[in-house]
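Undergrad: Have a look at this one before I ask anything.
Readers should treat all values here as calculations from the given coordinates under stated rules, not as data from a laboratory. Given the structure is predicted, the values throughout are model-derived calculations rather than measurements. Ideal geometry is used to build each Cβ from the backbone, glycine not excepted, and the neighbour counts take in all protein chains shown.
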Amino acid sequence: VKPYPSYSLSRDPEPRPHMGGTDGASTTQTSEQNWSVTAAKEVSFQIRLTSGVLDPGNQQLIEAGAAVGQDLQPRRLLVVDSRVADIYGEQIRAYFLAHGAKFRLLALPCTEAGKRIEAVQQIIDELDDFGIDRNRDPLIAIGGGVLMDIAGVAACLYRRGSPYVRVPTTLIGLVDAGIGSKTGVNHGPHKNRLGAYYPARVTLADRSFLATLDDRHIVNGLAEILKVALVRDVVLFELLETYGTDLIKTRFQDGGDDVGAAASQVLHRAIQGMLQELAPNLWEQDLERLMDYGHSFSPTLEMAALPQLLHGEAVSIDMALSTVLSLQRGLLTEGEVARIFAVSKKLALPVRHELIEPGLLSAALAETTRHRGGEQRLPLSTGIGKATFVNDVTIAELTSAGILLAGRWSHD
Ligand SMILES: NC(=O)c1ccc[n+]([C@@H]2O[C@H](COP(=O)([O-])OP(=O)(O)OC[C@H]3O[C@@H](n4cnc5c(N)ncnc54)[C@H](O)[C@@H]3O)[C@@H](O)[C@H]2O)c1
């Protein structure tokens, strides 16, 4: 056994580049027994706001994430939310049969409580049993945020990384969970404690799936859209102000009228805004993230209230509390706050919860501060469509915001 790598050693104490690899890697020998390796990995993935994904005449899904120009029969493990499989299973099967694919459909019951590593293992067992070529045969994840988060972790772990494709079927999936780089499952009492930054090669976002989603889950997704509006897009806010109620009624479907056109604009602006925030900070090196608005207290609240509160509902309550914090600090005017609460009422979003009390707020703030590298980095809105970050929120301030919120804005 040679004590050292085969390249020549230098006793020069100065760092010295040794080689550059095809993937941009370089190795530096920093002293006789220390080497330092640097590599940059290019990441590229696509989000397509599209339609007719399950139409057998549409090539997008069968081609998504697969190696181009292959003659071999496509193999696909389809991981599908079991409710989605009940509704769309026949269409999904017909699609892959029409494309001559060898496939297996794994229907996975999806709940927040079940978003855990055991579900990831179930997918991995299925991948192992079915067998895929890791360059040619992407796993296809069809479902809401829970399904896509679980499938993303499985794809990331399987053979140290296998390609996958996301087909979101909920509103949160379309505008949030399906478009970024994050995957994750809950662990112990902690939300998304396990996971990786591992984007799907392609996301096919088709709003026709929303036609079968119930009102509560449409509203749940509207919370994440309202978040984008509040911190960076006043036009999006105005669209919600004007069309919010109709968007729930029509489930974002295009009836060829102005509501359908507004639905297209809302989806487009929400995805665009989200990506403009996420893309420059894909690995979250910068911990000041506008998209964390509504996500400072909500992870603790959501897990404490499980299974009562949906993700977007917890986010909405957090945004309401943050709005009141802004009001107390003079960052928002009474008029702006009234407009914000009028929109959340129009969208039927909850704004308060009995668990919002000093004990939970204190635990949530401590957890968030730990998660954000020791600083609060709390996004607060400074006007509709604008925000800043603060680091000095106290428990007393939070408590009084909670009391004010419960007293003045109940939506009852
Ligand atoms: N990775 C990310 O960046 C990210 C971002 C936001 C949210 N999330 C995660 O997403 C999860 C929430 O996602 P969600 O709101 O989509 O919930 P979900 O995945 O639980 O889906 C909601 C419900 O709708 C059903 N369903 C899904 N599609 C349907 C359809 N087309 N018709 C009828 N029923 C359908 C599901 O069976 C489920 O009961 C949370 O766990 C959250 O942490 C992740």
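Undergrad: Arrange the following residues from fewest to most other Cβ atoms within 10 Å of their Cβ: W409, W283, W35.
TA: Least crowded to most crowded, the residues run W283, W35, W409.
Undergrad: Then there is this: First select every other residue whose beta carbon is under 12 angstrom from the beta carbon of L361; then total the charges, Lys and Arg +1, Asp and Glu -1.
TA: -4
Undergrad: Report, ordered by chain and residue number, the lysines lying within cross-link reach of K227, taken as a straight Cα distance under 20 Å and ignoring same-chain residues fewer than 8 apart.
TA: K182, K191, K345, K346, K386
Undergrad: Taking the DSSP beta bridges in the chain as the whole, what percent of them are antiparallel, to the nearest 5?
TA: Percent antiparallel among DSSP bridges in the chain is about 40.
Undergrad: From the mean inverse distance of alpha carbon pairs (Kirkwood) and the Cα radius of gyration, derive Rg over Rh for the chain.
TA: 1.02
Undergrad: In the chain, if the dipole is taken from +1 on Lys/Arg beta carbons and -1 on Asp/Glu beta carbons about the Cα centre, which of M274, A342, A66 is farthest to the positive end?
TA: Farthest towards the positive end: A66.
Undergrad: Right, next: Counting only C-alpha contacts under 8 Å and six or more residues apart, can you give the relative contact order of the chain as a whole percent?
TA: So the answer I get is 12 percent.
Undergrad: While we're on this one: Please give the contour-minus-distance gain from T382 to E288: 0.36 nm per residue of separation, less the Cα-Cα distance, rounded to one decimal in nm.
TA: 32.3 nm
Undergrad: Ranked highest first by average number of other Cβ atoms within 10 Å, how do 168-175, 194-201 line up?
TA: Averaged packing, sorted descending, gives the order 168-175, 194-201.
Undergrad: Hey, how many Å between the Cα centroid of the range 284-351 and the Cα centroid of the range 208-277?
TA: Between the Cα centre of the range 284-351 and that of the range 208-277, the gap is 17 Å.
Undergrad: How many nm is it between the label spots at R408 and D129, if each spot is 7 Å from the Cα in line with the beta carbon?
TA: Distance between the two pseudo-spin positions: 5.7 nm.
Undergrad: Where the convex hull is taken over the Cα atoms of the range 129-255, what is its projected area averaged over directions, in nm²?
TA: 9.6
Undergrad: Next up: Rounded to whole Å and ordered largest first, report the semi-axes of the equivalent ellipsoid of the range 311-365 derived from its Cα gyration tensor (root of 5λ).
TA: Equivalent-ellipsoid dimensions as semi-axes: 20, 16, 7 Å.
Undergrad: Now, a different point. Using the per-residue mean of other Cβ atoms lying within 10 Å as a proxy for protection, in what order, highest first, do the peptides 287-296, 310-319 fall?
TA: Ranked by mean Cβ neighbours within 10 Å, highest first: 310-319, 287-296.
Undergrad: Further, regarding this structure: What number comes out for the charge environment of L287, summing +1 per Lys or Arg and -1 per Asp or Glu over other residues with Cβ under 12 Å away?
TA: Here the charged neighbours net out to -1.
Undergrad: For a protection proxy built on the mean count of beta-carbon atoms within 10 angstrom, sort 144-151, 329-336 highest first, please.
TA: 144-151, 329-336
Undergrad: Is any helix in the chain, taking whole DSSP H runs, at least 24 angstrom long along its axis by alpha carbon and on average at least -0.5 on the Kyte-Doolittle scale, and which ones?
TA: 215-232, 258-278, 311-328
Undergrad: So, one more: Using only the alpha carbon atoms of the range 264-359, find the Kirkwood hydrodynamic radius as the inverse mean reciprocal pair distance, in angstroms to one decimal.
TA: For the range 264-359, the Kirkwood estimate is 14.9 Å.
Undergrad: Rounded to the nearest 0.05, what FRET efficiency do E354 and D246 give with R0 = 25 Å and r taken as the Cβ-Cβ distance? Could you check?
TA: Calculated transfer efficiency: 0.20.
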